[in-house]
Every structure is written in structure tokens, then in C-alpha cells.
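Student: Sharing a structure below in C-alpha cells format, with a few things to ask.
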Amino acid sequence: MMTAAQMRAARALLGIDQRRLAEMSGVSVPTIQRMESSDGNVRGVIESLTKVVEALDRAGIELIGDNAASTGRGRGVRLKAPP
């Protein structure tokens with residue numbers, strides 16, 4: 001699972017726009033736009049979501065789920081749970 005906020009944050013960390021992510025993942029720009037406008041977890045066709053997650057992984061992005069430890073190395077950011 002990936003949230004829309006994680007997807008936007010991943011693009012920001014990579015310094016890429018929606019068009020570039022679409023090219024990297026092989027999905028359309030409107031698909032990226034719809035995914036990023038989801039409320040909470042990204043909604044869409046599983047195949048498209050998988051392509052985006054794999055493209056982000058190849059680019060060096062580690063998606064960290066709720067209450068999950070980071071298994072990678074390097075710098076990053078994590079959203080704290082609200083108090």
C-alpha cells in the first residue's frame with residue numbers, strides 16, 4: 001500500500017514531476033494525477049500501482065508502511081503519527 005502523500009513526497013525527493021514519473025513507470029499522466037488525488041491510500045488498477053511502486057523502488061525510494069521499520073540505508077523523511 002502507498003498513500004497519495006507518500007507518492008507526492010517520493011516525487012519531491014527525486015525532484016521529478018508527474019510526467020517524469022509516468023514515463024518511468026509506463027503509466028499515463030492522468031493515471032498519476034488520479035493516484036495522487038486519492039484520499040489516503042492510492043486507489044487504482046493494481047497493475048498500474050505496481051508499476052509505479054517498482055519505478056520508485058528502482059529510483060531509490062523506500063516506501064515505509066505504518067509501524068514498519070526502515071530496512072534500507074540513507075537519508076529520508078517519515079511523517080510522525082499525530083499526537
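Student: Quick check, is Asn41 on the phi < 0 side of the Ramachandran plot and among the polar types (S, T, N, Q)? Please lay out each step first, then the result.
Tutor: Working: on the phi < 0 side of the Ramachandran plot: yes; among the polar types (S, T, N, Q): yes.
Yes: the conditions hold for Asn41.
Student: Leu14 versus (1) free of Cβ contacts under 8 Å to residues at least 40 places away in the same chain; (2) open to solvent by less than 70 Å² (accessible area, probe 1.4 Å): which is the lone unmet condition?
Tutor: Only one criterion in (1) free of Cβ contacts under 8 Å to residues at least 40 places away in the same chain; (2) open to solvent by less than 70 Å² (accessible area, probe 1.4 Å) is unmet by Leu14, namely (1).
Student: Can I ask one more? Being without any contact (Cβ under 8 Å) to a residue 40 or more places away in the chain and at positive phi is the filter; apply it to segment 44-83 and report the residue that is least open to solvent (accessible area, probe 1.4 Å).
Tutor: Restricting to residues being without any contact (Cβ under 8 Å) to a residue 40 or more places away in the chain and at positive phi, the top hit is Gly44.
The values are calculated or read from the model by the stated rules, or taken from the named source; none is laboratory data. Remember, it's a predicted structure, so these values are computed and weren't measured experimentally. No Cβ is skipped: glycine too gets one built from the backbone with ideal geometry, and neighbour counts run over all protein chains shown. Only protein heavy atoms, including side chains, enter the accessible area calculation; ligands, DNA and RNA are left aside. Shrake-Rupley method; radii C 1.70, N 1.55, O 1.52, S 1.80 Å.
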